[in-house]
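Here is the structure we will look at, set down as structure tokens.
The values are calculated or read from the model by the stated rules, or taken from the named source; none is laboratory data. As the structure is a computational prediction, the values presented were derived from the model and not from experiment. Note that we place each Cβ from the backbone using ideal geometry, even for glycine, and neighbour counts take in every protein chain shown.
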Amino acid sequence: MGRYAFFNTGLEYKFKFALQSSEDMLYFAGVSYNGRDENELVHIWNKTDLIKIKEKLYDYYAEEVDLTKFEKNLSGTYDLKYHLEQITDNYTYVLGYLIYHQLHYVDELSVNYEL
């Protein structure tokens, strides 16, 4: 049983049980706020975070993903997720790229998730 993160784009992300901390979300810039209770966070990014996120992605994996192969919408983000899960088991990297991709089609990205 893992925890879920719910993005304002409609993407539902499941943290990998016993393999991934929900605190991975904090690694990719943006700003966090407390949610409805102390075990819930809201994290928000905007276009200015794109450069910082890309820099962090290189910390995890040197090869860049060609985002032009993935539509700039929710369907494209799910396609990207599937692609990344085929080439790496670095879940922090996958999460970072999903955040990065979504910021290419929304001005402000937010997510609600449990710690």
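Evaluating residue 107 against the criteria (1) within 17 Å of residue 13 (Cβ to Cβ); (2) modelled with pLDDT of 95 or more; (3) exposed (fewer than 15 other Cβ atoms within 10 Å of the Cβ); (4) in contact with a helix residue (DSSP H, G or I) (Cβ under 7 Å, 6 or more places away or on another chain) leaves one unmet condition, (1). Selection within segment 5-45: residues that are among the basic types (Lys, Arg) and loosely packed, with under 13 Cβ neighbours inside 10 Å. The member of this set that is farthest from residue 101 (Cα to Cα) is 36.
Of the residues that make up segment 63-73, is at least one surrounded by fewer than 12 Cβ atoms within 10 Å (Cβ to Cβ) and modelled with pLDDT under 85? The answer is yes, given that some residue of segment 63-73 is surrounded by fewer than 12 Cβ atoms within 10 Å (Cβ to Cβ) and modelled with pLDDT under 85.
Of all residues in segment 1-22, those that are touching a residue at least 40 places away in the same chain (Cβ under 8 Å) have Cβ atoms under 6 Å from Cβ atoms of residues that are of a type in the set (Phe, Trp, Tyr), 6 or more apart or on another chain, in 3/15; 5/13; 5/113; 16/91; 20/91; 22/15; 22/113.
Comparison of 19, 41 shows that the only residue that is of a type in the set (A, V, I, L, M), part of a loop (DSSP other than H, G, I, E, B) and at pLDDT below 95 is 19. Restricting segment 66-103 to residues that are touching a Leu at 6+ places or on another chain (Cβ under 7 Å) and part of a loop (DSSP other than H, G, I, E, B), the residue that is nearest to residue 10 (Cα to Cα) is 103.
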